[in-house]
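A short worksheet on the structure shown next.
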Amino acid sequence: MTDAKQQAANQMWGGRFSTGVDAIMEAINASIDFDRRLARQDVEGSRAHAAMLAAQGIISDIDAEAIREGLLTVLSEIESGNFEFSKALEDIHMNVEARLKALIGEPAGRLHTARSRNDQVATDFKLWVRDQYDAAISGVEALQKALVGQAEAGADWVMPGFTHLQVAQPVTWGHHMLAYVEMLGRDASRLRDARARMNECPLGAAALAGTSFPIDRHMTAEALGFDRPAANSLDAVADRDFALEFLSCASICAMHLSRLAEELVIWSSAQFRFVTLSDAFSTGSSIMPQKKNPDAAELIRAKIGRIMGAMVGLFTVMKGLPLTYSKDMQEDKEQVFDAADSLMLALAAMTGMVTDMSANRAELEVAAASGFSTATDLADWLVRELGLPFRDAHHVTGSLVAMAEGQGCDLPELTLEQMKSVHEGITEGVFSVLGVQNSVASRKSYGGTSPKRVREQVALWQERLG
């Protein structure tokens, strides 16, 4: 390119790149600024590959040992912060290999025998994502334990259950906490299921067609903790389902965290006062000294946007790619890195909030008794004791609710005479079901809110979670 053309390119593409198209190409092509996070996995995969090459007689034991020891030195330099990364070398694989050559010389050149950067990066990325599956499962289980602790403490505390964010029926605090334990249990199950499905090793697929060297792919798969080698070399280097599944699982989990965060934001408000969040997970206002803002909950609520955005982004990258590898796939990692970081931070913050928060039992019970929350109990009593069809019982109950509302009182505050004026068959026994404590105690069906059922579920989850 002539000087005039390069100057024109600089003007067209902006002053960010002082040296023209070479700098632009380097910037768009290089991935070392983010894929350096794969350093440990890259070294682990290369050490396994070198050991296999030696076992198969493809390289000498002496070279393999030099490579394996040299790689440990490289990793030590990286982890100690003493490694100088080069953007000119593009990625973590070439940076590691160049440093290995500087340390051990000619044997380093034998390491790349019978593999390609295509199967190398697929293996590194799988190892990294597999670690994130394990970390996410641990994070989910830690949050479940915190919620189970809350459920055990408040197994018989009554609170309002809501539909449409309006008081519906009384439930127990423990039952509400266990609802999130169940959600997170499905998250952990999805993560485990996806982890099992992705645990096939791409190493040895080489560029896309396999290799003519007599490698032992089962040996490297076992050394790296995979269940088996990937069965098709084309699919092995083209596959990013493992990352997409992780992002899918992470998005669902983050959605659950966002729902809980939303409830904590509402419950901690002055209008509800259901919970008090600890100072560690709240902030004050710069000008309103009375305020205690649930910032951690609000930030968790927002994380779903980043995580789901990463999922949509990677689906968009992968949707139109022909087999096998295209440079587009370099755009797979940053989104997954960010989503994994966001999920782990959200899980840790929510675990801290749930562990530290205090439920305000008195406020919960007052709210549980509001809004005619035992109306369904009254209707059930009319069906059970008087033999009314449920639709008739529903109509009678609605009339009694309207009467109580007109008098500015709740259902238990109506007199027997007032109730009999709506249906003469009502007896004194109706008052036994109108209190919120009686209501929740009666909900003994499997999965119901009664303290007895809550304590049973608490014990089961404590056993499962260890």
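Every number in this text was worked out from the coordinates using simple rules, so none of it is lab data. In this text, all values refer to a predicted model and were calculated from it rather than measured experimentally. With ideal geometry, Cβ positions are generated from the backbone for all residues, glycine too; neighbour counts draw on all protein chains shown.
Highest mean packing comes first when the peptides 233-240, 317-324 are listed by Cβ atoms within 10 Å, giving 233-240, 317-324. Other residues whose C-beta falls under 15 angstrom from the C-beta of Arg217 contribute a net charge of -3, scoring Lys and Arg +1 and Asp and Glu -1. For Glu84, the shell of other residues with beta-carbons less than 10 Å away shows a net charge of 0, using +1 for Lys and Arg and -1 for Asp and Glu.
Could you list, in their original order, any pairs among Lys87/Lys303; Lys87/Lys327; Lys292/Lys333; Lys126/Lys319; Lys292/Lys444 whose Cα atoms are separated by more than 28 Å? In this structure, Lys87/Lys303; Lys292/Lys333; Lys292/Lys444 lie more than 28 Å apart at Cα. Counting only GluC sites (Glu not before Pro) that DSSP places in a loop and that have at most 11 other Cβ atoms within 10 Å, the longest clean stretch of the chain runs over 85-423. For Ala441, neighbours were defined as the other residues whose beta-carbon sits under 13 Å from its Cβ, and their charges (Lys and Arg +1, Asp and Glu -1) total +3. Across segment 460-466, rounded Karplus estimates of 3J(HN,Hα) from the backbone phi angles (6.51 cos²θ - 1.76 cosθ + 1.60, θ = phi - 60°) give 5, 5, 4, 5, 5, 7, x Hz, Gly and Pro being marked x. Charge dipole of the chain (Cα centre as origin; +1 on each Lys and Arg Cβ, -1 on each Asp and Glu Cβ, all else neutral): 300 debye, rounded to the nearest 20.
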